[in-house]
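Following: one structure in C-alpha cells, then a few remarks.
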Amino acid sequence: MTIKVGDKVPSVTFKKITDDGLADIASEDYFKGRKVALFSVPGAFTPTCSAQHVPSFVNQSQALKDKGISAIACVSVNDAFVMQAWGEAQNVGSAIDMLADGNGEFARATGLTLDGTGFGLGERSTRFSMIIENGTISHLNVEENPSEMNVSSAEHMLGQI
C-alpha cells in the first residue's frame, strides 16, 4: 500500500555522515516539530538526479525556507558514504540533508519502490517529493515516469506552499 497525504511518515532509521562519523537519524525525531521538504531519487550520481533533481532543491533552498520550510532532505537507496560524496559533488553544503536509506526500508515502508533490476540497480525508491509537517505528510508528488522530473521538483513544491 502506498503512503498518502495525511499519513504519518514511516518509522525508520536513516544513516548520515556527520562530523562525529556515521549517525543514525530516527525519522520520528527528524520530522518532529518542523516542516520538511523531502525528495527521493532512484540513485546517487544518476543522470536526472544529478543534473536536475538535486540542483532544483539547491537552487530553490532559500525560497523554500522563505516559505516556512525548516529543512530539506534528499533520500536515496544508497549508503551514507555515497550520499555524502554525492552531496559534496553537488555542492549541497548545509542546504540539503543527504539521508541514506541503504536497505530500502523507507522506500518499502512508503510503498514507493522502483524495480531497477533491469538496470543493475536492484530495488530502489521511485522519484517523488513530499512536504512533511510535524511528522505528517501534507503534500505528496510522485512521478509517473521516474526518469523524468515534473511534479517532484522544488519549483513545483514552491507552487504548493
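The values are calculated or read from the model by the stated rules, or taken from the named source; none is laboratory data. If you're wondering where the values come from, they're calculated on a predicted model, not measured in any experiment. Virtual Cβ from ideal backbone geometry, glycine too; neighbours counted across all protein chains shown. Remember, those area values only see protein heavy atoms, side chains included, never the ligands or the DNA or RNA. Shrake-Rupley method; radii C 1.70, N 1.55, O 1.52, S 1.80 Å.
Per-structure values
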{"read-out": "Helices (runs of 4 or more DSSP H) (entirely within region 26-133) containing at least 3 residues that are acidic (D, E) and over 14 Å from the mean Cα position of the chain (by Cα)", "value": "none"}
{"read-out": "Members of region 59-88 found to be closer than 13 Å to M98 by Cα and open to solvent by less than 40 Å² (accessible area, probe 1.4 Å), listed by number", "value": "A71, I72, A73, C74, V75, S76, V77, N78, A80, M83, W86, G87"}
{"read-out": "Members of region 67-107 found to be more than 14 Å from L22 (Cβ to Cβ) and among the aliphatic types (A, V, I, L, M), listed by number", "value": "I69, A71, I72, A73, V75, V77, A89, V92, A95, I96, A107"}
{"read-out": "Residue in region 112-129 that is open to solvent by 20 Å² or more (accessible area, probe 1.4 Å), under 23 Å from S11 (Cβ atoms), at pLDDT 95 or above and of a type in the set (V, I, T) present", "value": "no"}
{"read-out": "Sole exception among (1) closer than 19 Å to V9 by Cα; (2) surrounded by 14 or more Cβ atoms within 10 Å (Cβ to Cβ) for S153, by number", "value": "(1)"}
{"read-out": "Selected residue (only one of K15, K35 is touching a helix residue (DSSP H, G or I) at 6+ places or on another chain (Cβ under 6 Å) and surrounded by 13 or more Cβ atoms within 10 Å (Cβ to Cβ))", "value": "K15"}
